[in-house]
Amino acid sequence: MSGILTGIHYKTEQPITLEIKSGLIEKISAASDFKPNRFIAPGLVDLQINGFKGVDFNESGLNEDKVLEITQELFKEGVTGYFPTLITNSAEAISNTLKILLQSCTECQIINESLLGIHLEGPFLSAEDGPRGAHPLQYIQNPDWELFCKWQEISQGKIRIITLAPELPGAISFIKKCVAAGVTVAIGHTAASPEQIQEAVKAGARFSTHLGNASHLVLPRHSNYIWEQLASEDLWATLIADGFHLPESLLSVLLKVKQNKSILVSDATKFAGLPPGSYQSHIGGSVELAENGRLSMKGSPKMLAGSARSLLDCVDHLISTKLETTVSVFDMASLRPNELLDNTKRCGLKEGNIADLIVFERNSGITKIIQTVKFGEVVYSL
Ligand SMILES: [Zn+2]
């Protein structure tokens, strides 16, 4: 499709016209006729999402229609690329989900273009309470390369990210094999020693999954896995900036240390995008979704039951804290995930890049998506 998009460049604040041809940004030029407060930015990319608006990738009963439903709901939230995140489960359940995701991509072009890869978060995680988070203990296991290869075969190579605990037996050689196979390795749900974190980075681990979450309540003050991941110059970090998962002071420190290696993820459960109320979770019993978007265990309001905010909500929240500039926050949710994964054709508003774009307005601290463009096609219009 060919088309023209006019708006204010989210970064330079200059009015621009984008000429789009065959799914790519063909030309960017200065515009004279434009609407005020109407910005153009790259589409958002979520490296970690478990579900949205009532549909969970991890629940049995997933099918192509449901994957399409999530994809289209995410377009409304400005997300043009996402990584369905499969959490710890039985080998059979993971195989089944991978089959469904592959089939959805094979049969539906728009899913195939939006599902940029699969993120496998488990089952090679710490079994310790705290680091394990909500991952079911019964399915936690040591890294198993043969099993991973089987899964990768089923998904035809769509697993592009794996989160694991590097202290597990065999984890370091497993990381090296993943790296050689082009799979990006993240450290997460870990109880590793500082030395084990260093070894993982040396073996090729690239980032920390939701740094600051899924950890022990109390850690040795000088020597622990959070300091070590913070101190590593090579490690990027994903952060859940939903207003509930990280206190603002910690968020501020994480951002200061990781700077342009910070990435926003939603880590959204299927409760994101639903109205407030009581719901049933497939991993943790009854949950309560509050008006402000906080998801907690029913009867234990202090205990978070996962995230129920979209990536766009996280963008708005982080902008509201004033810890980062608006431009930088948008980059953290769009450019940077692509930079981390070397998706060079998706890195920003550049001629020749894939036309995955959002047009938005910002009023009273809220980003309103006006249009979402996926591979040059308008896939959502307000
Ligand atoms: Zn997690």
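Structure data summary
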| quantity | calculated |
| --- | --- |
| Helix 145-154 vs. the chain, principal-axis angle (Cα, 0 to 90°, nearest 10) | 30 |
| Dipole magnitude of the stretch 42-345 about its Cα centre (Cβ charges: Lys, Arg +1; Asp, Glu -1), debye to nearest 20 | 320 |
| Trp145, Trp227, Trp236, reordered so the largest accessible area comes first (probe 1.4 Å) | Trp227, Trp145, Trp236 |
| Local electrostatic count, Cys108, Cβ distance below 12 Å [Lys/Arg +1, Asp/Glu -1] | -4 |
| Using alpha-carbon coordinates, inclination of helix 64-76 to the longest axis of the chain, degrees | 60 |
| Selected from Val257, Gly285, Ala237, residue furthest toward positive end of dipole (the stretch 233-318; charges at beta carbon) | Gly285 |
| Probe 1.4 Å - accessible area at His222, Å² to nearest ten | 150 |
| Accessible area in square angstrom per residue, the stretch 1-112, 1.4 angstrom probe | 41 |
| Restraint check, Lys11/Lys53; Lys11/Lys258; Lys76/Lys256; Lys150/Lys202; Lys202/Lys345, Cα-Cα greater than 23 Å | Lys11/Lys53; Lys76/Lys256; Lys150/Lys202; Lys202/Lys345 |
| For the stretch 269-321 versus the stretch 39-69, the gap between their alpha-carbon centres in whole angstrom | 16 |
| Compactness of the stretch 42-345, expressed as Rg and Dmax over alpha-carbon positions, Å | 17.7, 52 |
| Heavy-atom accessible surface of the chain: percent carbon and sulfur, 1.4 Å | 50 |
| Neighbour net charge for Asp242 - beta-carbon separation under 14 angstrom, K R +1, D E -1 | -4 |
| Residues of type aspartates and glutamates that Lys27 reaches as a straight line, Cα spacing below 14 Å, ignoring anything fewer than 8 places off in the same chain | Glu19, Glu351 |
| Label-point separation, Glu59 to Ser22 (7 Å along Cα→Cβ), nm | 4.2 |
| Sequence-separation-based contact order of the chain, relative, with Cα cut under 8 Å and 6+ spacing, percent | 20 |
| Acute angle (nearest 10 degrees) that the helix 311-321 long axis makes with the longest principal axis of the chain, alpha-carbon atoms | 90 |
| Set Lys322/Lys374; Lys261/Lys374; Lys66/Lys99; Lys270/Lys374 screened for pairs whose C-alpha atoms are more than 18 Å apart | Lys322/Lys374; Lys261/Lys374; Lys270/Lys374 |
| Of Gly299, Gly273, Gly243, the one that fluctuates the most in a GNM where the chain has Cα springs shorter than 10 Å | Gly299 |
| Local net charge near Val179, Cβ-Cβ under 15 Å (Lys/Arg +1, Asp/Glu -1) | +2 |
| Rounded to 5, the percent of DSSP beta bridges in the chain classed as antiparallel | 60 |
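The values are calculated or read from the model by the stated rules, or taken from the named source; none is laboratory data. Note that the structure is a prediction, hence the values are computed from the model and not measured. Don't worry about glycine lacking a Cβ; one is built from the backbone with ideal geometry, like all the others, and counts go over all protein chains shown. To get the accessible areas, we keep the full protein, side chains included, count just its heavy atoms, and leave off ligands, DNA and RNA. Shrake-Rupley method; radii C 1.70, N 1.55, O 1.52, S 1.80 Å.
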